Amino acid sequence: MKLCIIGIRDNSNYVEQAIKYFTDCWGIDERIYRDCITHSLTTQSSLPRFYLMLEGARIIGGYGLVTNDFVSRQDLFPYLCALYIEEDMRGKELGSVLLEHGRKETKKLGFDKLYLCTEHKGYYEKYDWKKIGEGYHPWNQTSQIYEVDTF
């Protein structure tokens, strides 16, 4: 299996595929991903960033690095968001590959910590993420907030 992880900022020919991929995976209005990903290409800010995991020409996963993942803890950033692995590719530790990639990319951007919010319990702890609290979303749900050191 030949895998690679690409950043959309450096591979703008993948913009439309990335927008469709994240929209389809998460069921979030396409306008949100289109606006965020398109502007991520030209901003002078280090964030947001989006990444795709490819097996040949097929997108099999992805994630983003953002300033806030629709959560009340805006004092914490950056957040790893939209982590996804295609169902037929799960069970191969590919999520951990993306998590590690995110930690390295975050360090390159000058951050010592990376955060995420999730409802999953037991997954991120396997990869050294530590629960640090709870955050609140505008849609009246809560999520656990995790942090990890970058490297």
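The values are calculated or read from the model by the stated rules, or taken from the named source; none is laboratory data. Note that this is a predicted model, so its numbers are computed, not measured. Using ideal geometry, Cβ is built from the backbone for each residue, glycine included, and neighbour counts are taken over all protein chains shown. Heads up: the accessible areas ignore ligands, DNA and RNA and are worked out on the full protein's heavy atoms, side chains in. Shrake-Rupley method; radii C 1.70, N 1.55, O 1.52, S 1.80 Å.
What's the number of the condition Q44 fails, among (1) within 26 Å of S12 (Cα to Cα); (2) surrounded by 14 or more Cβ atoms within 10 Å (Cβ to Cβ)?
Answer for Q44: the failing condition is (2).
Just to be sure I understand, how many residues within the stretch 137-150 are modelled with pLDDT under 95 and open to solvent by 70 Å² or more (accessible area, probe 1.4 Å)?
4
Y63: assigned to a helix (DSSP H, G or I), open to solvent by less than 50 Å² (accessible area, probe 1.4 Å) and either under 20 Å from H101 (Cβ atoms) or in contact (Cβ under 8 Å) with a residue 12 or more places away in the chain (or both), yes or no?
no
How many residues, within the stretch 13-28, are over 13 Å from the mean Cα position of the chain (by Cα) and either at positive phi or open to solvent by 70 Å² or more (accessible area, probe 1.4 Å) (or both)?
6
Does any residue of the stretch 135-150 turn out to be touching a helix residue (DSSP H, G or I) at 6+ places or on another chain (Cβ under 7 Å), over 28 Å from N13 (Cβ atoms) and either among the aliphatic types (A, V, I, L, M) or in contact (Cβ under 8 Å) with a residue 60 or more places away in the chain (or both)?
Checking the stretch 135-150: at least one residue is touching a helix residue (DSSP H, G or I) at 6+ places or on another chain (Cβ under 7 Å), over 28 Å from N13 (Cβ atoms) and either among the aliphatic types (A, V, I, L, M) or in contact (Cβ under 8 Å) with a residue 60 or more places away in the chain (or both).
Open to solvent by 40 Å² or more (accessible area, probe 1.4 Å), at negative phi and part of a strand (DSSP E or B): does that describe E134?
yes
Filter the stretch 70-83 down to the residues that are part of a loop (DSSP other than H, G, I, E, B) and open to solvent by less than 30 Å² (accessible area, probe 1.4 Å), then identify the one that is modelled with the lowest pLDDT. Quick ask: steps written out before the conclusion?
As a first pass, look at the stretch 70-83 and keep what is part of a loop (DSSP other than H, G, I, E, B): 70-78.
Retained after the next criterion (residues that are open to solvent by less than 30 Å² (accessible area, probe 1.4 Å)): 71, 76, 78.
Values: V71: 93, L76: 96, P78: 98.
If we take residues in the stretch 70-83 being part of a loop (DSSP other than H, G, I, E, B) and open to solvent by less than 30 Å² (accessible area, probe 1.4 Å), then V71 is modelled with the lowest pLDDT.
Answer with yes or no whether E93 is surrounded by fewer than 17 Cβ atoms within 10 Å (Cβ to Cβ), in contact with a strand residue (DSSP E or B) (Cβ under 7 Å, 6 or more places away or on another chain) and closer than 27 Å to Q17 by Cβ. Show your work before the answer.
Working: surrounded by fewer than 17 Cβ atoms within 10 Å (Cβ to Cβ): yes; in contact with a strand residue (DSSP E or B) (Cβ under 7 Å, 6 or more places away or on another chain): no; closer than 27 Å to Q17 by Cβ: yes.
Judged against the criteria, E93 is not a match.
Consider H101 against the criteria (1) open to solvent by 20 Å² or more (accessible area, probe 1.4 Å); (2) not in a helix (DSSP H, G or I): it satisfies all of them except one. Which criterion is unmet?
(2)
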